[in-house]
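Peer 1: Below is one structure. I have some questions about it.
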Amino acid sequence: MAQFLQSVDKRSALVGFGVGVLLVLFVVLAVRGFVGRETYISLDVDASEPDISVQLLDVNEYSRPGTGSDPITGVVIHYTANPGSTAQQNRDYFNSLQDGHGDYVSSHFVVGLEGEIVQCVPTWELAYASNDRNHDTVSIECCHPDETGEFNEATYKSMVQLTAFICAKYNLDENDVIRHYDVTGKNCPKYFVEDGDAWEQFKKDVKGALAKGNGK
Ligand SMILES: [Zn+2]
(Lines give C-alpha, C1' and ligand atoms only; values in the text may rest on other atoms or scores of the structure.)
Protein backbone atom coordinates (compact mmCIF):
# COMPACT_ATOMS: atom_id res chain seq x y z
CA MET A 1 0.00 0.00 0.00
CA ALA A 2 2.75 2.42 0.97
CA GLN A 3 4.58 1.56 -2.25
CA PHE A 4 1.39 2.17 -4.26
CA LEU A 5 0.88 5.59 -2.64
CA GLN A 6 4.48 6.47 -3.32
CA SER A 7 4.13 5.69 -7.04
CA VAL A 8 0.91 7.75 -7.23
CA ASP A 9 2.81 10.64 -5.65
CA LYS A 10 5.57 10.24 -8.21
CA ARG A 11 3.07 10.19 -11.02
CA SER A 12 1.26 13.31 -9.82
CA ALA A 13 4.60 15.03 -9.32
CA LEU A 14 5.50 14.18 -12.93
CA VAL A 15 2.14 15.46 -14.20
CA GLY A 16 2.58 18.62 -12.15
CA PHE A 17 6.03 19.13 -13.63
CA GLY A 18 4.68 18.62 -17.15
CA VAL A 19 1.89 21.15 -16.64
CA GLY A 20 4.43 23.61 -15.25
CA VAL A 21 6.69 23.25 -18.30
CA LEU A 22 3.71 23.75 -20.63
CA LEU A 23 2.66 26.87 -18.73
CA VAL A 24 6.15 28.37 -18.97
CA LEU A 25 6.25 27.56 -22.70
CA PHE A 26 2.86 29.16 -23.22
CA VAL A 27 3.87 32.36 -21.42
CA VAL A 28 7.16 32.58 -23.34
CA LEU A 29 5.41 32.11 -26.70
CA ALA A 30 2.68 34.60 -25.81
CA VAL A 31 5.22 37.26 -24.82
CA ARG A 32 7.30 36.63 -27.92
CA GLY A 33 4.26 36.90 -30.17
CA PHE A 34 3.24 40.15 -28.52
CA VAL A 35 6.68 41.73 -28.71
CA GLY A 36 7.24 40.46 -32.25
CA ARG A 37 4.21 42.38 -33.50
CA GLU A 38 5.54 45.48 -31.78
CA THR A 39 2.90 48.09 -31.13
CA TYR A 40 0.81 47.51 -34.24
CA ILE A 41 -1.44 44.65 -33.29
CA SER A 42 -4.35 43.57 -35.48
CA LEU A 43 -4.04 46.33 -38.07
CA ASP A 44 -7.56 46.82 -39.38
CA VAL A 45 -6.91 49.12 -42.32
CA ASP A 46 -8.04 49.03 -45.95
CA ALA A 47 -7.35 51.25 -48.97
CA SER A 48 -10.49 53.37 -48.66
CA GLU A 49 -10.27 57.16 -48.64
CA PRO A 50 -9.43 58.29 -45.10
CA ASP A 51 -10.84 61.47 -43.54
CA ILE A 52 -8.70 64.30 -44.90
CA SER A 53 -8.79 67.90 -43.73
CA VAL A 54 -7.99 69.81 -46.92
CA GLN A 55 -6.19 73.04 -45.99
CA LEU A 56 -4.31 73.96 -49.14
CA LEU A 57 -1.37 76.32 -48.76
CA ASP A 58 -1.53 79.68 -50.48
CA VAL A 59 0.26 79.45 -53.82
CA ASN A 60 3.75 80.85 -53.16
CA GLU A 61 7.27 80.22 -54.37
CA TYR A 62 8.52 78.68 -51.09
CA SER A 63 6.03 75.89 -50.43
CA ARG A 64 3.37 75.69 -53.15
CA PRO A 65 4.72 76.83 -56.49
CA GLY A 66 1.51 75.86 -58.29
CA THR A 67 3.50 73.79 -60.81
CA GLY A 68 1.81 70.70 -62.24
CA SER A 69 3.33 67.28 -61.41
CA ASP A 70 4.37 64.66 -63.92
CA PRO A 71 2.36 61.41 -63.80
CA ILE A 72 2.63 60.03 -60.25
CA THR A 73 4.89 56.96 -60.02
CA GLY A 74 5.51 56.72 -56.28
CA VAL A 75 4.74 57.74 -52.71
CA VAL A 76 7.51 59.12 -50.46
CA ILE A 77 7.32 58.76 -46.67
CA HIS A 78 8.93 61.39 -44.39
CA TYR A 79 9.03 62.23 -40.70
CA THR A 80 8.78 65.78 -39.40
CA ALA A 81 11.99 65.60 -37.31
CA ASN A 82 10.11 67.85 -34.87
CA PRO A 83 9.02 65.64 -31.94
CA GLY A 84 5.56 66.31 -30.55
CA SER A 85 4.56 68.79 -33.26
CA THR A 86 1.06 68.38 -34.69
CA ALA A 87 -0.14 68.03 -38.27
CA GLN A 88 -1.73 71.48 -38.03
CA GLN A 89 1.48 73.09 -36.79
CA ASN A 90 3.47 71.55 -39.63
CA ARG A 91 0.90 72.63 -42.21
CA ASP A 92 0.84 76.18 -40.79
CA TYR A 93 4.65 76.27 -40.83
CA PHE A 94 4.67 75.37 -44.55
CA ASN A 95 2.13 78.11 -45.22
CA SER A 96 4.16 80.67 -43.23
CA LEU A 97 7.14 80.14 -45.52
CA GLN A 98 5.50 82.40 -48.10
CA ASP A 99 6.70 85.32 -45.97
CA GLY A 100 10.18 84.55 -47.20
CA HIS A 101 12.06 82.58 -44.54
CA GLY A 102 14.27 81.33 -47.33
CA ASP A 103 13.31 77.67 -46.94
CA TYR A 104 11.61 75.73 -49.70
CA VAL A 105 9.70 73.03 -47.82
CA SER A 106 6.28 71.41 -47.95
CA SER A 107 4.48 68.13 -48.35
CA HIS A 108 1.26 67.01 -49.98
CA PHE A 109 -0.01 65.50 -46.72
CA VAL A 110 0.82 65.59 -43.01
CA VAL A 111 -0.30 62.72 -40.75
CA GLY A 112 -0.71 63.81 -37.13
CA LEU A 113 -0.25 62.27 -33.69
CA GLU A 114 -3.93 61.35 -33.41
CA GLY A 115 -4.06 59.91 -36.90
CA GLU A 116 -5.53 63.08 -38.38
CA ILE A 117 -4.57 63.88 -41.97
CA VAL A 118 -4.10 67.40 -43.33
CA GLN A 119 -3.64 67.99 -47.05
CA CYS A 120 -1.45 70.97 -47.94
CA VAL A 121 -0.90 70.65 -51.70
CA PRO A 122 -3.09 69.02 -54.42
CA THR A 123 -1.58 65.73 -55.61
CA TRP A 124 -1.40 67.08 -59.18
CA GLU A 125 0.91 69.92 -58.09
CA LEU A 126 4.55 69.83 -56.90
CA ALA A 127 5.35 69.91 -53.21
CA TYR A 128 8.90 70.58 -51.95
CA ALA A 129 9.68 67.42 -49.98
CA SER A 130 11.51 64.76 -51.95
CA ASN A 131 14.24 66.51 -53.94
CA ASP A 132 14.77 64.77 -57.30
CA ARG A 133 11.45 62.97 -56.92
CA ASN A 134 9.27 66.03 -56.28
CA HIS A 135 8.10 65.98 -59.89
CA ASP A 136 6.52 62.50 -59.93
CA THR A 137 5.66 61.48 -56.37
CA VAL A 138 3.16 62.24 -53.61
CA SER A 139 4.79 63.11 -50.28
CA ILE A 140 3.55 62.24 -46.79
CA GLU A 141 5.09 63.91 -43.70
CA CYS A 142 4.45 61.97 -40.50
CA CYS A 143 4.40 63.31 -36.94
CA HIS A 144 6.11 61.42 -34.10
CA PRO A 145 6.04 61.81 -30.32
CA ASP A 146 9.75 61.77 -29.51
CA GLU A 147 13.35 61.77 -30.71
CA THR A 148 13.34 58.09 -31.65
CA GLY A 149 11.15 58.95 -34.63
CA GLU A 150 8.93 55.93 -33.95
CA PHE A 151 5.32 56.51 -34.94
CA ASN A 152 2.48 55.87 -32.53
CA GLU A 153 -0.30 53.46 -33.47
CA ALA A 154 -2.83 56.13 -34.51
CA THR A 155 -0.32 57.82 -36.81
CA TYR A 156 0.85 54.49 -38.19
CA LYS A 157 -2.66 53.34 -39.09
CA SER A 158 -3.43 56.57 -40.95
CA MET A 159 -0.07 56.38 -42.73
CA VAL A 160 -0.90 52.88 -43.97
CA GLN A 161 -4.42 53.79 -45.07
CA LEU A 162 -3.41 57.05 -46.79
CA THR A 163 -0.49 55.38 -48.57
CA ALA A 164 -2.71 52.49 -49.73
CA PHE A 165 -5.41 54.94 -50.86
CA ILE A 166 -2.90 56.92 -52.96
CA CYS A 167 -1.42 53.71 -54.39
CA ALA A 168 -4.89 52.52 -55.40
CA LYS A 169 -5.69 55.90 -56.93
CA TYR A 170 -2.55 55.94 -59.10
CA ASN A 171 -2.44 52.22 -59.82
CA LEU A 172 0.73 51.69 -57.76
CA ASP A 173 1.65 49.02 -55.23
CA GLU A 174 3.74 48.77 -52.06
CA ASN A 175 6.95 48.50 -54.08
CA ASP A 176 6.38 52.05 -55.34
CA VAL A 177 6.42 53.34 -51.76
CA ILE A 178 9.83 54.70 -50.79
CA ARG A 179 11.52 56.59 -47.97
CA HIS A 180 13.06 60.04 -48.40
CA TYR A 181 16.26 58.13 -47.57
CA ASP A 182 15.90 56.16 -50.81
CA VAL A 183 16.05 59.43 -52.79
CA THR A 184 18.85 61.32 -51.06
CA GLY A 185 20.32 59.11 -48.32
CA LYS A 186 18.92 61.50 -45.69
CA ASN A 187 18.00 59.89 -42.34
CA CYS A 188 14.26 60.32 -43.05
CA PRO A 189 12.00 58.88 -41.83
CA LYS A 190 14.47 58.12 -39.03
CA TYR A 191 12.63 55.14 -37.56
CA PHE A 192 12.20 53.41 -40.94
CA VAL A 193 15.83 54.07 -41.91
CA GLU A 194 17.29 52.77 -38.64
CA ASP A 195 14.92 49.80 -38.40
CA GLY A 196 14.77 48.03 -41.75
CA ASP A 197 12.32 45.42 -40.38
CA ALA A 198 9.85 48.14 -39.39
CA TRP A 199 10.08 49.56 -42.91
CA GLU A 200 9.44 46.15 -44.47
CA GLN A 201 6.50 45.69 -42.09
CA PHE A 202 5.08 49.05 -43.18
CA LYS A 203 5.20 47.99 -46.83
CA LYS A 204 3.57 44.66 -45.93
CA ASP A 205 0.81 46.53 -44.11
CA VAL A 206 0.27 48.74 -47.19
CA LYS A 207 0.07 45.59 -49.30
CA GLY A 208 -2.43 44.11 -46.84
CA ALA A 209 -4.57 47.27 -46.97
CA LEU A 210 -4.49 47.23 -50.78
CA ALA A 211 -5.59 43.60 -50.78
CA LYS A 212 -8.65 44.57 -48.70
CA GLY A 213 -9.60 47.11 -51.38
CA ASN A 214 -11.41 50.39 -50.92
CA GLY A 215 -14.06 49.02 -48.59
CA LYS A 216 -16.86 49.46 -51.15
ZN1 LIG B 1 12.07 63.73 -45.52
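Peer 1: Name the helices (runs of 4 or more DSSP H) wholly within the range 89-197 that hold at least 1 residues that are over 24 Å from residue 46 (Cβ atoms) and either away from the ligand (no atom under 13 Å from the Cβ) or not aliphatic (A, V, I, L, M) (or both)? Talk me through it step by step, then tell me what you get.
Peer 2: On the way: elements: 153-169, 180-184, 190-194.
Answer list for the range 89-197: 180-184, 190-194.
Peer 1: Give me a count of the residues in the range 183-216 that are touching a helix residue (DSSP H, G or I) at 6+ places or on another chain (Cβ under 6 Å) and among the charged types (D, E, K, R).
Peer 2: 4
Peer 1: Restricting to the range 67-88, give me the number of residues that are in a loop (DSSP other than H, G, I, E, B) and loosely packed, with under 13 Cβ neighbours inside 10 Å.
Peer 2: Going through the range 67-88 one residue at a time, the tally reaches 4.
Peer 1: Something else now. With (1) modelled with pLDDT under 95; (2) assigned by TED's automatic domain parsing to the domain that holds residue 206 as the list, and residue 25 as the residue in question, which single condition is left unmet?
Peer 2: (2)
Peer 1: Looking at the structure I just gave you, is residue 116 over 22 Å from residue 161 (Cβ atoms) and either touching a residue at least 40 places away in the same chain (Cβ under 8 Å) or polar (S, T, N, Q) (or both)?
Peer 2: Spelling it out, it is not the case that residue 116 is over 22 Å from residue 161 (Cβ atoms) and either touching a residue at least 40 places away in the same chain (Cβ under 8 Å) or polar (S, T, N, Q) (or both).
Peer 1: Also, quick follow-up: Consider residue 206 carefully, then state whether it is at pLDDT 95 or above, more than 15 Å from the ligand (Cβ to nearest atom), under 18 Å from residue 72 (Cβ atoms) and touching a Cys at 6+ places or on another chain (Cβ under 9 Å). Talk me through it step by step, then tell me what you get.
Peer 2: Values: at pLDDT 95 or above: yes; more than 15 Å from the ligand (Cβ to nearest atom): yes; under 18 Å from residue 72 (Cβ atoms): yes; touching a Cys at 6+ places or on another chain (Cβ under 9 Å): yes.
Considered against the rule, which asks whether it is at pLDDT 95 or above, more than 15 Å from the ligand (Cβ to nearest atom), under 18 Å from residue 72 (Cβ atoms) and touching a Cys at 6+ places or on another chain (Cβ under 9 Å), residue 206 comes out as yes.
The values are calculated or read from the model by the stated rules, or taken from the named source; none is laboratory data. Bear in mind the structure is a predicted one, so any value in this text is a computation, not a measurement. In this analysis, Cβ positions are derived from the backbone assuming ideal geometry, glycine residues included, and neighbour counts consider all displayed protein chains.
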